[in-house]
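Student: Got a structure here, written out as structure tokens. Questions coming.
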Amino acid sequence: MHVLVKGAGVAGLSVAHELTSRGARVTVLDPQSGGRAAASWFAGGMLAPYCERESAEQAVVELGLGAADWWEAALPGSVTHNGTLVLAPVRDVRELERFGSRTSEFEWANEDTVATLEPDLAGRFRKGLFFKDEAHLDPRHVLISLAAKLAAAGVAFETDPVRTATAGFDWTVQCTGYSRDDQTIRGVRGEMLILRTSDIALSRPVRLVHPRFPIYVVPRADHTFMVGATMIESDSAGPITVRSMMELLNAAYSLHPAFGEAEIVETGVGIRPAYPDNLPRVVREGKTISINGLYRHGFLLAPAMAMLVADMILNERRATR
Ligand SMILES: Cc1cc2nc3c(=O)[nH]c(=O)nc-3n(C[C@H](O)[C@H](O)[C@H](O)COP(=O)(O)OP(=O)(O)OC[C@H]3O[C@@H](n4cnc5c(N)ncnc54)[C@H](O)[C@@H]3O)c2cc1C
């Protein structure tokens, strides 16, 4: 059983891992070696099924519930289980009630709780929602570590489609993300920043309710923070706009003025692949299966999609034996 996985974003690497760990031989093809143009590279890495319910269907919650455990089993130590804190400036406190009415599995946090959870935010917010069962990871660390683990387990990584075209695979799994060639899928532009400052520390992703799109700050190693993300109905991968940069920086600054002195280490843009209903799809045509439409939930939903596809491929092998 030899499977060709096209695409080395989070979907492709997750399915390669699931297949390899169940004994299949896998080759991964991605012309963009290193995956730094992939949407996955720019993600926040929040594994936040309950918070996402604010704007997503219940299916996203159900498919995402096992994600943190899957990542932890695949890459021990990669997941931080500190929950998510959702906050609002005093003028937007009503937005918190709206957020709470659309979600579940949270506790209301008062000023003291916020200070206990995030001491550097003490005195800055009177009310919040704490989703204690959520988690986060560093997408870049995970993508690099997963590729290294797969390579060590014998997975071949190819960048040249010509070399794989004649190799005679039993199955192909397409995990190619957004493509202008696929009329069924649309691109949703997400702009993000990486800031660095040692003047503030956070233990978990902090979301600020926002009338247009959820803005969040995710702590990473080395005093860096990912600030994201815009949601723009466009597949333009051009540089971040001034408006988006101002909105993201304003959000970080309103979370804590120490971000005013932070270094802007990077700006980035990723194109999220989305179907019209914003839900992921696994589609089979003969011996080709595609996983796509992970939209804003790639790290949250890729494990469930990978398990489903591995079941489809390996159960069929069992049935035909
Ligand atoms: C700013 C931002 C923040 C986000 N935050 C989060 C978050 O906090 N949590 C979360 O769960 N999700 C988040 N997401 C969503 C997540 O990043 C995406 O859902 C996910 O990356 C999609 O993964 P993918 O593997 O389908 O596509 P991609 O990551 O785009 O990977 C597709 C890969 O396929 C390759 N490819 C393309 N064509 C071919 C071909 N013909 N042959 C072979 N390879 C090909 C490409 O080079 C690319 O490497 C965020 C996204 C953005 C942009």
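Student: Just read off the accessible area of residue 50 with the full protein assembly in place, 1.4 Å probe, to the nearest 10 Å².
Tutor: About 40 Å², rounded to the nearest 10.
Student: Then there's this: Size of the dipole of the range 8-162 about the Cα centre, Lys and Arg at +1 and Asp and Glu at -1 on the beta carbon, nothing else charged, in debye to 20?
Tutor: Details: 14 positive and 22 negative charges, 44 e Å.
Dipole size: approximately 200 debye.
Student: I've got another one for you. In the full protein assembly as shown, how much of residue 246 is accessible to a 1.4 Å probe, in Å² to the nearest 10?
Tutor: Only protein atoms counted, so the area is about 110 Å².
Student: Set Lys and Arg Cβ to +1 and Asp and Glu Cβ to -1, take the dipole of the chain about its Cα centre, and tell me which of 131, 230, 41 lies farthest positive.
Tutor: 41
Student: Then there's this: Heavy-atom accessible area per residue, the chain, 1.4 Å probe: how many Å²?
Tutor: Working: 14440 Å² over 321 residues.
That works out to 45 Å² per residue.
Student: Got a sec? What order do 42, 157, 99 fall in by accessible area at 1.4 Å, biggest, i.e. largest, first?
Tutor: 157, 42, 99
Student: Only bridges with both residues in the chain count here: give the DSSP antiparallel percent, nearest 5.
Tutor: That works out to approximately 70 percent antiparallel.
Student: Hey, can you grab everything whose amide H is under 5 Å from the amide H of residue 127? Only 5+ residues off in sequence or another chain; H modelled, so Pro and N-termini drop out.
Tutor: Amide H neighbours of residue 127, under 5 Å, 5+ apart: 88.
Student: With the chain treated as a Gaussian network of Cα nodes joined by springs under 10 Å, which of 160, 30, 222 yields the largest mean-square fluctuation?
Tutor: Of the options given, 222 has the highest mean-square fluctuation.
Student: Counting each DSSP H run of 4 or more residues in the chain as -39500 (n - 2.57), what helix-only mean residue ellipticity at 222 nm follows after dividing by all residues, to the nearest 500 deg cm²/dmol?
Tutor: Values: 10 runs with 103 residues, N = 321.
It lands at -9500 deg cm²/dmol.
Student: About the Cα centre, and with charges only on the beta carbon of Lys, Arg (+1) and Asp, Glu (-1), how big is the dipole of the chain? Nearest 20 debye, please.
Tutor: Numbers: 33 positive and 38 negative charges, 129 e Å.
The calculation lands at about 620 debye.
Student: Pull up all non-local amide H partners of residue 6: gap of 5 or more, or a different chain, and H-to-H distance under 5 Å with H placed in the peptide plane.
Tutor: Those lying under 5 Å, H to H, from residue 6 are 29, 173, 174, 175.
Student: Which of rounded, prolate, oblate describes the chain, given a ≥ b ≥ c as roots of the alpha-carbon gyration tensor eigenvalues and a/c under 1.5 marking rounded, otherwise prolate only if a/b is larger than b/c?
Tutor: Numbers: a/c = 1.98, a/b = 1.81, b/c = 1.09.
Prolate.
Student: How large is ³J(HN,Hα) for each residue in the range 182-187, as worked out from phi by the Karplus curve 6.51 cos²θ - 1.76 cosθ + 1.60 (θ = phi - 60°), to whole Hz, x for Gly and Pro?
Tutor: Computed from phi, the couplings for the range 182-187 are 9, 6, 7, 10, 10, x Hz.
Student: Using θ = phi - 60° and the Karplus relation 6.51 cos²θ - 1.76 cosθ + 1.60, list the HN-Hα couplings for the range 106-117 in order, rounded to whole Hz, with x at every Gly or Pro.
Tutor: My calculation for the range 106-117 gives 10, 10, 5, 10, 9, 4, 5, 5, 4, 5, 6, 5 Hz in order.
Student: Report the relative contact order of the chain, percent, no decimals, based on alpha-carbon pairs under 8 angstrom and at least 6 residues apart.
Tutor: Numbers: 673 pairs, mean separation 82.4, N = 321.
Answer for the chain is 26 percent.
Student: Right, next: Which whole DSSP H helices in the chain pass both tests: a Cα extent of 15 Å or more along the axis and a mean Kyte-Doolittle value no lower than 0.5?
Tutor: Working: long enough: 10-21 (16 Å, 0.85); 139-152 (19 Å, 0.95); 242-255 (20 Å, 0.61); 298-320 (32 Å, 0.83).
Both cut-offs are met by 10-21, 139-152, 242-255, 298-320.
Student: Among 296, 102, 189, 94, what's the order by accessible area (1.4 angstrom probe), most exposed first?
Tutor: Numbers: 296 55, 102 115, 189 15, 94 190 Å².
Most to least solvent-accessible, the answer reads 94, 102, 296, 189.
Student: Quick one: order 111, 247 from most to least accessible surface, probe 1.4 Å. Intermediate values should be presented prior to the final figure.
Tutor: On the way: 111 75, 247 30 Å².
The most accessible residue leads, giving 111, 247.
Student: For residue 149, give me every one of the lysines with a C-alpha distance below 28 angstrom, ignoring sequence neighbours fewer than eight places off in its own chain.
Tutor: Cα-Cα hits under 28 Å: 6, 287.
Student: Let me ask you something else. Per the 1.4 Å probe, what fraction of the accessible area of the chain, in percent, lies on carbon and sulfur atoms? Don't skip to the end; give the middle numbers.
Tutor: Working: 7140 of 14440 Å².
Exposed carbon and sulfur together represent 49 percent of the surface.
Student: How much of residue 27 can a 1.4 Å solvent probe reach, expressed as accessible area in Å² and rounded to 10?
Tutor: Estimated to the nearest 10 Å², residue 27 gives 10 Å².
The values are calculated or read from the model by the stated rules, or taken from the named source; none is laboratory data. Predicted model only: the values in this text are computed from it and were never measured. Positions of Cβ are backbone-derived with ideal geometry, glycine not excepted, and every protein chain shown enters the neighbour counts. For the accessible areas, the whole protein counts, side chains as well, though only heavy atoms, and no ligand, DNA or RNA atoms are used. Shrake-Rupley method; radii C 1.70, N 1.55, O 1.52, S 1.80 Å.
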